[in-house]
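Asks: Just passing along the structure, written as structure tokens.
The values are calculated or read from the model by the stated rules, or taken from the named source; none is laboratory data. This is a predicted model, so every value here is computed, not measured. Cβ placement follows ideal geometry from the backbone for every residue including glycine, while neighbour counts extend to all protein chains displayed. Surface areas here come from the heavy atoms of the whole protein model, side chains and all, with no ligands, DNA or RNA. Shrake-Rupley method; radii C 1.70, N 1.55, O 1.52, S 1.80 Å.
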Amino acid sequence: MIISVYCSGSIAKGEGDERKLCWTDVERKQVQEGAHPLEVVFLNPDDPITDPTNVLGQFGRDMYQVLLASAVVVDARERRGLGIGVEMAAAAALRTPVIVVAPRNSKYRRDHLEYRGARVSDYVHPHVASLALAVVDDFSQAGEVLRVLPAAPPDPVVTPAWLRASIDEYRYHVLGGDQPMLDALHRLGVHR
């Protein structure tokens, strides 16, 4: 069986980010090994895009990949920005399961935390906790969760209006020249 994973948190945005932990072949291999015997097709927002000046199309590409993904796996080993939050919210709206890799005692997950005047045990950041199907320590565990994903609901997903324009921009004006995505669609047996 083939599944698809959107690699959230895979882009180092430039100066100051060059040492930030991001998805590499190592993390993809760990997910694949954890998901075995499933075959995983990775949808990577860091693949080159044909027209980087088309910002609506670029956002649409990310949202289209979230829509098509069997799951979104979020790299939350370090502090992330607004883009990750939007991807997680979009996944929730599109009913795509979210698995967050947040090791213990990292930015988004603490064994103990002093928080708003109280000591909290087994703290997971509220946004992560509310949007994630699972919060795991590493990418191998994320792959293990992929093996037992609940079946997708039978009724069709209605794409919210705030996502529709960007996804349409990507599908109708950018996708035709996006070879990495066309290759992923072919592997998944999806007709555009």
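Asks: Can you tell which of 113, 38, 21, 94 is in contact with a Phe, Trp or Tyr (Cβ under 9 Å, 6 or more places away or on another chain) and either over 21 Å from residue 186 (Cβ atoms) or among the hydrophobic types (A, V, I, L, M, F, W, C) (or both)?
Replies: 113
Asks: Restricting to the stretch 85-100, and then to whatever is within 17 Å of residue 31 (Cβ to Cβ) and either among the aromatic types (Phe, Trp, Tyr) or not in a loop (DSSP other than H, G, I, E, B) (or both), can you tell me which residue is most open to solvent (accessible area, probe 1.4 Å)?
Replies: 87
Asks: Of everything in the stretch 147-166, what is part of a helix (DSSP H, G or I), in contact (Cβ under 8 Å) with a residue 60 or more places away in the chain and open to solvent by less than 90 Å² (accessible area, probe 1.4 Å)? Give them in sequence order.
Replies: 163, 165, 166
Asks: Name, by its number, the condition in (1) under 13 Å from the mean Cα position of the chain (by Cα); (2) over 21 Å from residue 184 (Cβ atoms); (3) open to solvent by 30 Å² or more (accessible area, probe 1.4 Å); (4) not β-branched (Val, Ile, Thr) that does not hold for residue 79.
Replies: Against the list (1) under 13 Å from the mean Cα position of the chain (by Cα); (2) over 21 Å from residue 184 (Cβ atoms); (3) open to solvent by 30 Å² or more (accessible area, probe 1.4 Å); (4) not β-branched (Val, Ile, Thr), residue 79 comes up short only on (1).
Asks: Going residue by residue through the stretch 19-36, is there one that turns out to be closer than 22 Å to residue 68 by Cβ, at pLDDT below 90 and more than 13 Å from the chain's Cα centre (by Cα)?
Replies: No, the stretch 19-36 contains no residue that is closer than 22 Å to residue 68 by Cβ, at pLDDT below 90 and more than 13 Å from the chain's Cα centre (by Cα).
Asks: Search the stretch 62-76 for residues being in contact with a Leu (Cβ under 9 Å, 6 or more places away or on another chain) and part of a loop (DSSP other than H, G, I, E, B), and hand back the single one that is surrounded by the fewest Cβ atoms within 10 Å (Cβ to Cβ).
Replies: Applying the filter and picking the extreme gives 70.
Asks: Pairs needed: first member in the stretch 10-29, farther than 22 Å from residue 146 by Cα; second member anywhere, at pLDDT below 70 and loosely packed, with under 15 Cβ neighbours inside 10 Å; C-beta distance under 7 Å; at least 6 residues apart or different chains.
Replies: Correct list of pairs: 12/18.
Asks: Can you work out which of the residues in the stretch 28-61 that are among the acidic types (Asp, Glu) and in contact with a helix residue (DSSP H, G or I) (Cβ under 9 Å, 6 or more places away or on another chain) is surrounded by the most Cβ atoms within 10 Å (Cβ to Cβ)?
Replies: Top of the filtered list is 47.
Asks: Kindly indicate whether any position in the stretch 134-146 is part of a loop (DSSP other than H, G, I, E, B), of a type outside the set (A, V, I, L, M, F, W, C) and buried (at least 17 other Cβ atoms within 10 Å of the Cβ).
Replies: No: the stretch 134-146 contains no residue that is part of a loop (DSSP other than H, G, I, E, B), of a type outside the set (A, V, I, L, M, F, W, C) and buried (at least 17 other Cβ atoms within 10 Å of the Cβ).
Asks: Quick one: in the stretch 101-132, of everything that is within 17 Å of residue 72 (Cβ to Cβ), modelled with pLDDT of 95 or more and in a loop (DSSP other than H, G, I, E, B), which residue is least open to solvent (accessible area, probe 1.4 Å)?
Replies: Only one residue tops the list, namely 102.
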